[in-house]
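I have placed the structure first, in the form of structure tokens, so that the comments after it can refer back to it.
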Amino acid sequence: MDHAVDAEQLAAGPGMLQRLDPRIKTLGLLLLIVTAVFVKSLVALAGLFAFATALALASRMTLRRLAGQVWTGVLLFTGALALPAIVLVPGDTVAVVPLLDWAITRQGLRGAAFLIGRAETAATFALLVILTTPWPQVLKALRSLGMPLVLVAILGMTHRYIFVLLETSVQLFEAKRSRVMGPLPGPERRRMAMASIVVLLEKSLHLATEVHLAMIARGYRGEVRLLDDFRIHVWDWFALTGFLAVAAVAIAWQWLYP
């Protein structure tokens, strides 16, 4: 919840990406994500990652924040998936694992580097969209770009109910602490935990029904509507041109220097 509040403050602050139209920003960064996924040159991929880092710094994000929120987690997850490839993929041997006598191949290292690099770059671009744009504007921008209405509604309600469940869980925890005077035996703790899960589920279902009826009563039909309409300015077109140019250079690089 603290991360969400901090993200809202960052999205409302000054910065390069914060000043762009959400549609232009979302379209441009999605294009760069697709480019990072399909590019076949490590140099071009490194250039895209460097560009994503530069955009983050220009948008008032710190390297510590990027490392804590995306780089470390993605590295650990994709690294665990990519690590076996360095010895399982056949090819030219560049080293041998001590004691195990496993051959580390150049092709395996290249495949692992591509997997980690693509995941890190794509995740960084995706984080830029989320942290520099208020969530309702992200949903409206996705809808404006042609995302199906049902997917936008699912994203919006999921985001909202994550915080509803978190707040309800905190309230249940505080209620338990205020009524329990000392440590409980194991069976009693497990019984209370199961009862709390059932109460949380019942409260969430009841609240979901009430919220849905309230939204329908206020005219909600699935579309994301904001008080302020999007307006595209000259610098938005310059930014989109820049995104397209970076994607074109990355694609051209792999053909010129395979």
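Could you check, for segment 141-164, whether at least one of its residues is of a type in the set (Gly, Ala, Ser), in contact with a Lys or Arg (Cβ under 9 Å, 6 or more places away or on another chain) and either surrounded by 14 or more Cβ atoms within 10 Å (Cβ to Cβ) or without any contact (Cβ under 8 Å) to a residue 12 or more places away in the chain (or both)?
Yes - at least one qualifying residue is present in segment 141-164.
Scoring Leu55 on the criteria (1) surrounded by fewer than 17 Cβ atoms within 10 Å (Cβ to Cβ); (2) among the hydrophobic types (A, V, I, L, M, F, W, C); (3) assigned to a helix (DSSP H, G or I) leaves a single failure, condition (1).
Determine if segment 59-68 includes at least one residue that is touching a Gly at 6+ places or on another chain (Cβ under 9 Å), crowded, with 18+ Cβ neighbours inside 10 Å, in the same structural domain as Leu127 (by TED's automatic domain parsing) and not in a loop (DSSP other than H, G, I, E, B). Among the residues of segment 59-68, not one is touching a Gly at 6+ places or on another chain (Cβ under 9 Å), crowded, with 18+ Cβ neighbours inside 10 Å, in the same structural domain as Leu127 (by TED's automatic domain parsing) and not in a loop (DSSP other than H, G, I, E, B), which makes the answer no.
Among residues of segment 71-107 being within 30 Å of Thr124 (Cα to Cα) and among the aromatic types (Phe, Trp, Tyr), the one that is surrounded by the most Cβ atoms within 10 Å (Cβ to Cβ) is Trp71.
Would you check if there is a residue in segment 208-222 being at pLDDT below 75 and under 25 Å from the mean Cα position of the chain (by Cα)?
Pass one, segment 208-222, residues at pLDDT below 75: 220-222.
Applying the additional criterion that residues be under 25 Å from the mean Cα position of the chain (by Cα) yields 222.
Yes, that holds for at least one residue.
Note down all Cβ pairs under 9 Å where the first residue falls in segment 103-129 and is on the phi > 0 side of the Ramachandran plot and small (Gly, Ala, Ser), the second is part of a helix (DSSP H, G or I) and at pLDDT 90 or above, and they're at least six residues apart or on different chains. Going by the 9 Å Cβ cut-off, there are no qualifying pairs. Just to be sure I understand the filter: pairs with C-beta atoms under 6 Å, separated by 6 or more residues or on different chains, first member in segment 226-241 and over 18 Å from Leu142 (Cα atoms) and outside any helix (DSSP H, G or I), second member at pLDDT 85 or above and polar (S, T, N, Q). Which pairs pass? Cβ pairs passing all conditions: none.
Residues of segment 126-140 that are crowded, with 19+ Cβ neighbours inside 10 Å and more than 16 Å from Asp21 (Cβ to Cβ): Leu127, Leu131.
Taking the options Thr35, Thr93, Thr62, name whichever one is of a type in the set (S, T, N, Q) and at pLDDT 90 or above. Walk me through it before giving the result.
Working: Thr93 fails: at pLDDT 90 or above; Thr62 fails: at pLDDT 90 or above.
Only one candidate qualifies: Thr35.
For segment 1-49, how many residues meet the condition of being within 19 Å of Gly242 (Cβ to Cβ) and part of a helix (DSSP H, G or I)? Number satisfying all stated conditions: 24. Close contacts from segment 22-34, counting a first residue that is farther than 23 Å from Gly117 by Cβ and a second that is of a type in the set (S, T, N, Q) and assigned to a helix (DSSP H, G or I), with Cβ to Cβ under 7 Å and a gap of 6+ residues or different chains, come to Pro22/Gln137; Arg23/Ser144.
Only one residue in Ala82, Ala122, Ala95, Ala126 is under 29 Å from Ala252 (Cα atoms) and over 14 Å from the mean Cα position of the chain (by Cα). Which one? Working first, answer last.
On the way: Ala122 fails: over 14 Å from the mean Cα position of the chain (by Cα); Ala95 fails: under 29 Å from Ala252 (Cα atoms); Ala126 fails: over 14 Å from the mean Cα position of the chain (by Cα).
The conditions single out Ala82.
I'm trying to understand the selection: among the residues of segment 122-149, which are over 16 Å from Val74 (Cβ atoms) and either among the small types (Gly, Ala, Ser) or in contact with a strand residue (DSSP E or B) (Cβ under 7 Å, 6 or more places away or on another chain) (or both)? Break it down into steps so the answer makes sense when it comes.
Quick first cut of segment 122-149, residues over 16 Å from Val74 (Cβ atoms) only: 132-149.
Ala141, Ser144, Gly146, listed by residue number.
The values are calculated or read from the model by the stated rules, or taken from the named source; none is laboratory data. This one's a predicted model, so the numbers in the text were calculated from it and none came from an experiment. Note that each Cβ is placed from the backbone with ideal geometry, even for glycine, and that neighbours are counted across all protein chains shown.
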